[in-house]
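Derivation of every value follows stated rules applied to the coordinates shown; laboratory data play no part. The structure presented is a predicted model; accordingly, all values stated were derived computationally and were not measured. Reconstructed Cβ throughout: ideal geometry from the backbone, glycine too, with neighbour counts over all protein chains shown.
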Amino acid sequence: MDIKRVMVIGAGQMGGGIAQVCAQSGFDVILNDISEASYERGLRVIDKNLARSVEKGRMSEEEKSAALGRITKSTDLSDAKDADIIIEAAVEKMEIKQSIFRQLDGIAPEHAILATNTSALPITEIAAVTKRPGQVIGMHFMNPVPVMKLVEIIRGLATEDGVYEAVEDMTRKLSKTPVEVNDYPGFVSNRVLMPMINEAIFTLYEGVATKEDIDEVMKLGMNHPMGPLQLADFIGLDTCLYIMEVLQEGFGDPKYRPCPLLRKYVNAGWLGKKSGRGFYVYE
Ligand code: CAA
């Protein structure tokens, strides 16, 4: 199947990034959000990122205009009628995703693929509310989307081979590297990353070292671009907590228990960079 028109649901950090890389790679993009204001906010970030690429000589002014010209605004899910693939990047709540997928299933053309950018929710459970579970798949981009090279492609229980291959092909056209993963809690990325972050939080909680020193050990000692506590702030502490809960519930194993300090910060509204405070304070 040849994918030409992409609809992205959600113009936030992830959805906006996905729309940007799709438009840059020559796909026509319908960027959908519930409000015009959210769409405009998303588009401003895309514009700023592309302007930086022009400044850095990675792209010409004409290429920037062409990329922006490939993005059309949508505040109505019924625009899915024109898409070959819909990539959902809305909030990480099963009820909301299932409701979106149920609606999309009724609107999107018969051949269309329904993909979700979920970071941990089961693809199979999302697919189950549609009449086309074979055409439902996970397409997990990493943050920041324009910079990170990986797309974790998650096969639900019923995902058809042809659908997997079409998504893999699209991922390569986005100049990203696909990795094939089966549908188990946290997939590969968050099953490995989140327990590491959670353990770093336990290390802080137990007073083993300061937050700065924990991050320094992992940056200088393991060559990670960011320390785990800084990365947790960057991802969002609420997201980290929710992923640990998905792992704990999905595997029923106490080794995935979220650190009480993580829970305390989330309860305090200290959600990381986006709220101005997490393990670190942001101006
Ligand atoms: N959007 C677009 N571009 C961005 C960006 C953003 N949000 N943040 C940084 N960049 C770009 C910068 O503009 C810069 O590009 P230039 O070449 O034009 O200078 C480049 O990235 C490098 O940025 P900086 O020099 O400012 O800083 P850096 O070298 O520290 O890199 C980083 C920033 C790429 C974010 C790096 O710190 C990093 O790789 N951090 C780890 C990121 C990571 O682990 N992501 C995965 C998170 S987990 C996830 O996403 C999955 C999940 O389900 C939770």
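Against the chain, whose longest principal axis comes from its Cα atoms, helix 36-55 is set at around 80 degrees. Secondary-structure-derived ellipticity at 222 nm for the chain, considering helices only, amounts to -15000 deg cm²/dmol, per-run term -39500 (n - 2.57) for DSSP H runs with n ≥ 4. Phi angles of segment 145-155 translate, via the Karplus equation with coefficients 6.51, -1.76, 1.60 and θ = phi - 60°, into HN-Hα couplings of 4, x, 9, 7, 7, 8, 10, 7, 9, 10, 7 Hz per residue; Gly and Pro are given as x.
Taking GluC sites (Glu not before Pro) across segment 72-140, the ones in a DSSP loop with at most 16 further Cβ atoms lying within 10 angstrom of their Cβ are Glu110.
How many percent of all Cα-Cα pairs in the chain sit more than 24 Å apart? Tail of the P(r) past 24 Å holds 52 percent of the pairs. Phi angles across segment 236-243 convert, under the Karplus curve 6.51 cos²θ - 1.76 cosθ + 1.60 with θ = phi - 60°, into 3J(HN,Hα) values of x, 5, 5, 5, 4, 5, 5, 5 Hz, Gly and Pro given as x. Spatially close Lys pairs in segment 190-273, defined by Cα atoms under 20 Å apart and a spacing of eight or more places or different chains, total 6. Annotation: amide H of Glu88 within the under-5 Å range of Ile9, Ala115, Thr116, Asn117, sequence separation 5 or more or interchain, hydrogens built in the peptide plane.
Annotation: the antiparallel percentage among DSSP beta bridges lying fully within the chain is about 20. Shown here for segment 184-218: GluC sites (Glu not before Pro) in loop regions (DSSP other than H, G, I, E, B) with at most 11 other Cβ atoms within 10 Å, namely Glu206. Summarising the amide proton neighbourhood of Arg277: residues at separation of 5 or more, or on other chains, whose placed amide H is nearer than 5 Å comprise Leu271, Gly272, Tyr282. Per-residue 3J(HN,Hα) values for segment 57-72, derived from phi via the Karplus relation 6.51 cos²θ - 1.76 cosθ + 1.60 with θ = phi - 60°, read x, 7, 8, 8, 4, 5, 5, 4, 4, 5, 4, 5, x, 7, 9, 10 Hz in sequence order (x marks Gly and Pro). Computed extension gain for Ala209 through Val192, at 0.36 nm per residue and net of the alpha carbon distance, reaches 3.9 nm.
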